[in-house]
Amino acid sequence: MGKGVHVQELPGIGKRYDIDLGRPDQRISVVVRSGGIRDLYVFASGSADPTAVIELTEEQARKVGAVLAQTFFES
Amino acid sequence: MHVDLVGLGAVVLLAGLIARLGRRVGLPSIPCYMVVGILFGPGTPGPVLVEHPEDLAVLAALGLVLLLFHLGVEFPVEQVLGSGRRLFIAAAAYIGLNITAGLLLGLALGWGTSEALVIAGALGISSSAIATKLLIELHRLTNAETPVVLGIIVIEDLFLAFYLALLAPVLSESESPLELARDIAISFGFLIVLFIVARYGARAVGWLVGSREDELLAVLVIGLVVLVAGLSEEVGVSDAIGALLIGLVVSRTAVRERVERIVMPLRDVFAAVFFVVFGLSIDIGDFGRVALPALIAVFITLVANLAAGVIAARLFGFNQRGATNIGLTILGRGEFSLILATLAIAAGLDRRIGPFVALYVLILAVVSPLLAANSQHLARRMPDWLLRRGWHYVRDETISTSCTHLDQMRITETGVDVCAECVELGDEWVELRLCTSCGAVGCCDDSPNRHATAHARQTGHPIIEALTAGRWRYCYHDEVLVRAPIGRERPAGASPA
């Protein structure tokens with residue numbers, strides 16, 4: 001995949017996407033499980049243990065994605 | 001015909017409630033189901049909800065069949081065949097150590113050779129369900145060792161197919177070695193037929209069951225699966241392996257994803273019944289007799305797992321935390337151990353296997369999540385020489401990515417700010433990459449000429465560093481981004497303490 005996104009297969013669970021934010025202390029990883037659930041791993045302290053892990057359903061993930069991609073408009 | 005719906009409903013409801021309570025304290029659901037079966041069965045003093053567990057035999061068999069069928073459907077064939085040599089060695093070490101330990105304990109117990117073979121499998125094959133759930137709940141999905149853990153589990157499932165094929169003839173009552181050889185031949189012949197169907201006949205099977213309506217798809221698939229499982233049993237191969245293989249066949253059809261989705265809730269319900277019925281058949285009074293062997297079994301499984309974890313960590317360049325995480329995450333035993341015990345009891349082997357495996361699974365179910373969650377304490381106590389001589393590890397630190405070629409990094413700074421080859425050709429480039437082995441600077445993969453990658457292919461130099469603000473590093477050999485070092489080399493002359 002494109003610059004700074006690394007994809008890793010997780011057999012039996014799904015796929016993991018590591019998104020490099022271009023700074024050593026911040027990173028986001030997203031695990032897309034085969035059942036549709038997304039695990040959002042946020043690394044903000046430079047440590048290898050995640051600062052926060054958020055479990056999103058497909059619906060919730062789409063909402064977050066729409067806001068991040070600015071395709072969501074207030075009506 | 002009298003159907004005891006009250007008893008069935010009560011135990012299943014209780015099983016679900018207990019599992020829900022168990023979830024709060026981090027217990028896996030399989031042992032919770034089993035405990036309900038044990039507590040409310042005829043073999044235990046106190047209230048008895050199901051007087052005759054054998055009435056539920058069909059439902060339990062359906063649970064066993066669906067468990068293995070679903071395993072076959074979601075089996076990632078391509079990923080396993082594509083996984084590298086290192087993963088196969090790590091998995092072989094894990095399976096070899098655990099199966100051997102189980103076999104030796106089985107022989108030492110002196111219950112019989114067939115019994116020893118069953119115990120080898122029950123101790124050797126871990127629970128995919130428990131390990132996967134642990135990884136999700138402990139927030140370890142992005143850890144470097146997690147793909148290795150999952151890879152080992154998947155290869156274990158593949159091993160299970162061959163193990164079941166070997167076990168079925170041994171469990172059948174063959175009189176002479178000749179008969180045994182014939183049974184093994186039939187068993188493997190049947191396996192090969194199903195493998196061929198999986199390879200070439202998937203389209204036909206897909207056509208047979210592939211209704212556009214979910215309702216009909218479910219009915220057709222369940223019918224097919226139960227039929228194949230039953231036929232397998234008839235030819236003496238055991239329903240378990242028939243179900244697993246028809247799952248592999250279905251996994252190669254176009255309806256795979258729909259089948260996975262539709263069968264999952266059915267599997268969960270009937271598997272719960274299977275675990276409850278297994279518990280119902282256990283007499284709590286037998287636990288005393290098998291307590292010591294079960295404790296010894298737990299201990300040797302722990303030792304074998306940690307040894308396998310260290311071997312995997314050495315292969316992949318992980319630190320102590322990685323080693324203990326691998327060993328302790330795959331510690332849980334569950335569905336396969338109980339399936340094997342069920343097969344053994346059905347074949348008329350020593351009845352002590354039932355309570356022995358039940359107790360073993362129960363102890364590990366409590367112990368393994370606790371140990372996995374606290375792996376850092378053990379990691380801190382593990383000496384460096386176990387992994388790599390002369391290296392000093394940050395023992396208990398979680399590593400997010402790893403690479404085994406850090407020792408080949410020599411150059412991390414350069415004054416060069418052009419891609420010399422591109423300059424010569426008169427081409428443009430986007431970004432620059434530095435080869436950390438020899439200092440060569442080339443253009444990135446978004447540039448037309450991709451000189452950095454070409455250089456790595458030519459020379460075999462593993463790690464490049466991006467000459468950008470982010471300064472990330474990538475290892476071509478391990479195909480990972482290199483982040484925090486997994487350890488640092490001791491300065492020359494330092495004492496090895």
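The values are calculated or read from the model by the stated rules, or taken from the named source; none is laboratory data. No experiment lies behind these values; they were computed from the predicted model shown. As a convention, Cβ positions derive from the backbone with ideal geometry for all residues, glycine included, and neighbour counts pool all protein chains shown.
Give the stretch B:342-382 a look and list any residue that's under 20 Å from B:P293 (Cα atoms) and not in a helix (DSSP H, G or I), or say none.
B:L349, B:D350, B:R351, B:R352, listed by residue number.
Report whether or not B:S83 is of a type in the set (G, A, S), touching a Phe, Trp or Tyr at 6+ places or on another chain (Cβ under 8 Å) and modelled with pLDDT under 95.
Answer is no for this residue.
Could you tell me how many of the residues in the stretch A:1-21 are assigned to a loop (DSSP other than H, G, I, E, B) and either within 10 Å of chain B (Cβ to nearest Cβ) or not hydrophobic (A, V, I, L, M, F, W, C) (or both)?
Going through the stretch A:1-21 one residue at a time, the tally reaches 6.
Which residues, counting only those in the stretch B:126-157, are hydrophobic (A, V, I, L, M, F, W, C), part of a helix (DSSP H, G or I) and either more than 8 Å from chain A (Cβ to nearest Cβ) or without any contact (Cβ under 8 Å) to a residue 60 or more places away in the chain (or both)?
First, the residues of the stretch B:126-157 that are hydrophobic (A, V, I, L, M, F, W, C): B:129-131, B:134-136, B:138, B:141, B:144, B:148-150, B:152-155.
Checking the rest, the ones that are also part of a helix (DSSP H, G or I) come to B:129-131, B:134-136, B:148-150, B:152-155.
Within the stretch B:126-157, B:A129, B:I130, B:A131, B:L134, B:I136, B:V148, B:V149, B:L150, B:I152, B:I155 meet the criteria.
Looking at B:L171, B:L160, which is the one that is within 18 Å of B:E233 (Cβ to Cβ) and within 14 Å of another protein chain (Cβ to nearest Cβ)?
The conditions single out B:L160.
Listed here are the residues, each with its yes/no results for (1) touching a helix residue (DSSP H, G or I) at 6+ places or on another chain (Cβ under 6 Å); (2) closer than 26 Å to B:A116 by Cα.
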site: B:L39; (1), (2): no, no
site: B:P45; (1), (2): no, no
site: B:A57; (1), (2): no, yes
site: B:H70; (1), (2): yes, no
site: B:V77; (1), (2): no, no
site: B:R85; (1), (2): no, no
site: B:Y94; (1), (2): yes, yes
site: B:N98; (1), (2): yes, yes
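Can you pull out the residues in the stretch B:446-462 that are loosely packed, with under 12 Cβ neighbours inside 10 Å and either small (G, A, S) or more than 14 Å from chain A (Cβ to nearest Cβ) (or both)?
B:R457, B:Q458, B:G460
Being of a type outside the set (G, A, S) and either surrounded by fewer than 24 Cβ atoms within 10 Å (Cβ to Cβ) or in contact with a strand residue (DSSP E or B) (Cβ under 6 Å, 6 or more places away or on another chain) (or both) is the filter here; which residues of the stretch B:306-319 pass it?
B:L306, B:V310, B:I311, B:R314, B:L315, B:F316, B:N319
Quick one: in the stretch B:70-95, of everything that is of a type in the set (G, A, S) and within 12 Å of B:L158 (Cα to Cα), which residue is farthest from the other protein chains (Cβ to nearest Cβ)?
B:A92
Can we say B:S437 is away from chain A (no Cβ under 14 Å), modelled with pLDDT of 85 or more and either surrounded by 18 or more Cβ atoms within 10 Å (Cβ to Cβ) or in a helix (DSSP H, G or I) (or both)?
Numbers: away from chain A (no Cβ under 14 Å): yes; modelled with pLDDT of 85 or more: yes; either surrounded by 18 or more Cβ atoms within 10 Å (Cβ to Cβ) or in a helix (DSSP H, G or I) (or both): yes.
So B:S437 passes the test.
Please specify each residue of the stretch A:26-62 satisfying the condition of being in contact with a strand residue (DSSP E or B) (Cβ under 6 Å, 6 or more places away or on another chain), of a type outside the set (A, V, I, L, M, F, W, C) and closer than 15 Å to B:K133 by Cα.
If the condition is that a residue be in contact with a strand residue (DSSP E or B) (Cβ under 6 Å, 6 or more places away or on another chain), of a type outside the set (A, V, I, L, M, F, W, C) and closer than 15 Å to B:K133 by Cα, then A:R33, A:S34, A:R38, A:D39, A:E55 are the ones that fit.
When you check B:F270 against the structure, is it in a helix (DSSP H, G or I), in contact (Cβ under 8 Å) with a residue 60 or more places away in the chain and either crowded, with 21+ Cβ neighbours inside 10 Å or not aliphatic (A, V, I, L, M) (or both), yes or no?
yes
Could you list, in sequence order, all residues of the stretch A:25-43 that are surrounded by 13 or more Cβ atoms within 10 Å (Cβ to Cβ) and more than 10 Å from the chain's Cα centre (by Cα)?
Start the filter on the stretch A:25-43 by keeping residues that are surrounded by 13 or more Cβ atoms within 10 Å (Cβ to Cβ), which leaves A:26-34, A:36-43.
Once the filter is applied, which keeps residues that are surrounded by 13 or more Cβ atoms within 10 Å (Cβ to Cβ) and more than 10 Å from the chain's Cα centre (by Cα), the stretch A:25-43 yields A:Q26, A:R33, A:S34, A:G36, A:I37, A:F43.
May I ask you to list the residues in the stretch B:23-42 that are modelled with pLDDT of 90 or more and among the β-branched types (V, I, T)?
Of everything in the stretch B:23-42, those that are modelled with pLDDT of 90 or more and among the β-branched types (V, I, T) turn out to be B:I30, B:V35, B:V36, B:I38.
State all residues of the stretch A:22-51 that are more than 7 Å from every other protein chain (Cβ to nearest Cβ), under 20 Å from B:E465 (Cα atoms) and modelled with pLDDT under 80; if no residue qualifies, say none.
A:P24, A:D25, A:G46
Under 22 Å from the mean Cα position of the chain (by Cα), surrounded by fewer than 18 Cβ atoms within 10 Å (Cβ to Cβ) and of a type in the set (D, E, K, R), is that true of B:E213?
no
Kindly provide the set of residues from the stretch B:119-136 that are buried (at least 24 other Cβ atoms within 10 Å of the Cβ) and in contact with a Phe, Trp or Tyr (Cβ under 9 Å, 6 or more places away or on another chain), ordered by number.
B:I119, B:G121, B:A122, B:L123, B:G124, B:I125, B:S126, B:S127
Which residues, taken from the stretch B:463-476, are away from chain A (no Cβ under 11 Å), of a type outside the set (D, E, K, R) and under 37 Å from the mean Cα position of the chain (by Cα)?
Once the filter is applied, which keeps residues that are away from chain A (no Cβ under 11 Å), of a type outside the set (D, E, K, R) and under 37 Å from the mean Cα position of the chain (by Cα), the stretch B:463-476 yields B:I463, B:I464, B:C475, B:Y476.
Could you check how many residues of the stretch B:20-36 are surrounded by 13 or more Cβ atoms within 10 Å (Cβ to Cβ) and out of contact with any Phe, Trp or Tyr (no Cβ under 6 Å at 6 or more places or on another chain)?
Of the residues in the stretch B:20-36, 10 are surrounded by 13 or more Cβ atoms within 10 Å (Cβ to Cβ) and out of contact with any Phe, Trp or Tyr (no Cβ under 6 Å at 6 or more places or on another chain).
Look at the stretch B:17-54 and say how many of its residues are closer than 16 Å to B:E137 by Cα and of a type in the set (D, E, K, R).
Summing the residues that are closer than 16 Å to B:E137 by Cα and of a type in the set (D, E, K, R) in the stretch B:17-54 gives 3.
Report yes if B:A15 is surrounded by 18 or more Cβ atoms within 10 Å (Cβ to Cβ) and under 16 Å from B:I153 (Cβ atoms), otherwise no.
No, not satisfied.
Among the residues of the stretch B:137-183 satisfying the criterion of being hydroxyl-bearing (S, T, Y) and more than 14 Å from B:I326 (Cα to Cα), which is surrounded by the fewest Cβ atoms within 10 Å (Cβ to Cβ)?
B:S176
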